[in-house]
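Below is one structure, written out as structure tokens; the observations come after it.
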Amino acid sequence: MSDAHPSSGRIQPRDVWTVLWVTLVFVTGLWLLYEIRRILLWLFIAIFLAAVIGPAVSFLVRRGWRRGLAIAAVVLTLTVLAGGAVFIFVRPLVTQSIEFAQDLPENLDRLQRVPIVRQTLERFNVEAQLEQVSEDLPDRLLGFSGPLFSIFKTIGETIIALISIAVMTVFLLLYGPQFADTALRLIPDGRLRRRVDRLGVRSLAAVSGWVLGNVLTSLVAGVAALVVFVSLGLPYATLLALWVAVADLIPLAGATLGAIPGIVVGFLDSPLAGIVVTIFFILYQQLENHVLQPAVYGRTIKLNPFFVLLAILVGVELAGFVGALLALPVAGIVQIVVFDVLETNGHSAIPSTGPSPPQTSPH
């Protein structure tokens, strides 16, 4: 028989206190993460922006620029472009938003005169309620407690968030390579270190390519819609085109969401304008679905349509609109890691995803 300690099979007070302290630390950590969730989201966005801007900075560094000067040049260029976009869009956006709110009762009245809409209203006996709501809408929209006031308040909060994200992005561009090298040196196994380095390079390339491609696709959608709206003389052309560009950032459903307001305003203006706008969005969605998006997704992330939909739904549930934007790059990174694990374990038939990683020297 082995000489076991008499109390070896019993729970000691020290064990109870250890469990309590570990539980307390774990719960406190979760609480802290929840309290700083907004900052974590900003950091997450800054990492993605650094991944997108990083290739341009690296390009200048390879041309002999100092890293700080390269970052300053790239950030200054993006700031000028963003400032130009704000100058072009913000003034007409505010003007047209107020005009839209003021004209809403008249537009609703015109919408009620459409035969199919009028028949539906009469059938469900909601015409009186709709007229009362339409009369109160301008005050409700333009008042200090209305949605437009809340929107302008949100814009102020968004500006603060954008400044914070921009500062974090610059620091990540400056010190990101040092952080990555330090993290890699913590891995004792040289083979595993090279593997993690390879996965990091591949993931950053996929994220950068997807984000840039998606932004360019959305800009094309917004500019094309603006040309059509202005050509038809539609009201709120800038506001509608900006909505098309923003909605188009969302994969799958974004193009449809962006088209609906433009089609409605087109039919309110004239039946011919509504038909033209509808035909334009049908043709453009075919172009985007069969030419533009395959060019973006095919070079970056090759996700099954089911996982695309699942990733978007999860992203929306976790972080709303921002989650929908970042869902596919995150899912693409997860897929790259999973396929790398499968290939390492001997499943060489698994197809590779994303662009081929460049050769990296071991650290």
Considering each of PHE26, PHE87 in turn, give the residue that is surrounded by fewer than 10 Cβ atoms within 10 Å (Cβ to Cβ), part of a helix (DSSP H, G or I) and not assigned by TED's automatic domain parsing to the domain that holds TRP210. PHE87
For residues in the range 41-73 being touching a Leu at 6+ places or on another chain (Cβ under 7 Å) and without any contact (Cβ under 8 Å) to a residue 40 or more places away in the chain, which is surrounded by the fewest Cβ atoms within 10 Å (Cβ to Cβ)? ALA73
Please determine, by comparing only the residues of the range 323-338 that are buried (at least 19 other Cβ atoms within 10 Å of the Cβ) and either more than 16 Å from ILE47 (Cα to Cα) or touching a strand residue (DSSP E or B) at 6+ places or on another chain (Cβ under 6 Å) (or both), which one is modelled with the lowest pLDDT. ALA324
Please give the number of the condition ILE187 fails out of (1) in contact with a Gly (Cβ under 9 Å, 6 or more places away or on another chain); (2) modelled with pLDDT of 80 or more. (1)
Determine whether the range 68-88 contains at least one residue that is of a type in the set (A, V, I, L, M, F, W, C), modelled with pLDDT under 85 and touching a Ser or Thr at 6+ places or on another chain (Cβ under 6 Å). no
With respect to SER97, is the statement that it is modelled with pLDDT under 75, under 30 Å from TRP243 (Cα atoms) and not charged (D, E, K, R) true? yes
Condition met for SER218 (part of a helix (DSSP H, G or I), over 19 Å from ARG67 (Cβ atoms), free of Cβ contacts under 8 Å to residues at least 40 places away in the same chain and in the same structural domain as LEU303 (by TED's automatic domain parsing)): yes
Check off (1) under 23 Å from LEU43 (Cα atoms); (2) in a loop (DSSP other than H, G, I, E, B); (3) among the β-branched types (Val, Ile, Thr) for ILE187 and give me the number that stays unchecked. (1)
Considering the range 153-190 alone, what residues qualify as being more than 24 Å from ARG66 (Cα to Cα) and of a type in the set (Val, Ile, Thr)? THR154, ILE155, THR158, ILE159, ILE160, ILE163, ILE187
Odd one out for GLY176 among (1) assigned to a loop (DSSP other than H, G, I, E, B); (2) of a type outside the set (A, V, I, L, M, F, W, C); (3) under 23 Å from the mean Cα position of the chain (by Cα): (1)
ALA205 being closer than 28 Å to GLU288 by Cα and crowded, with 16+ Cβ neighbours inside 10 Å: yes
Take ILE263 and decide whether it is in contact with a Lys or Arg (Cβ under 7 Å, 6 or more places away or on another chain), surrounded by 15 or more Cβ atoms within 10 Å (Cβ to Cβ) and at pLDDT 80 or above. no
Provide a single number: the residues in the range 221-241 that are part of a loop (DSSP other than H, G, I, E, B) and within 26 Å of the chain's Cα centre (by Cα). 1
Going through the range 146-169 one residue at a time, which ones are exposed (fewer than 14 other Cβ atoms within 10 Å of the Cβ), among the hydrophobic types (A, V, I, L, M, F, W, C) and at pLDDT 75 or above? ILE159, ILE160, LEU162, ILE163, VAL167
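The values are calculated or read from the model by the stated rules, or taken from the named source; none is laboratory data. Predicted model only: the values in this text are computed from it and were never measured. Using ideal geometry, Cβ is built from the backbone for each residue, glycine included, and neighbour counts are taken over all protein chains shown.
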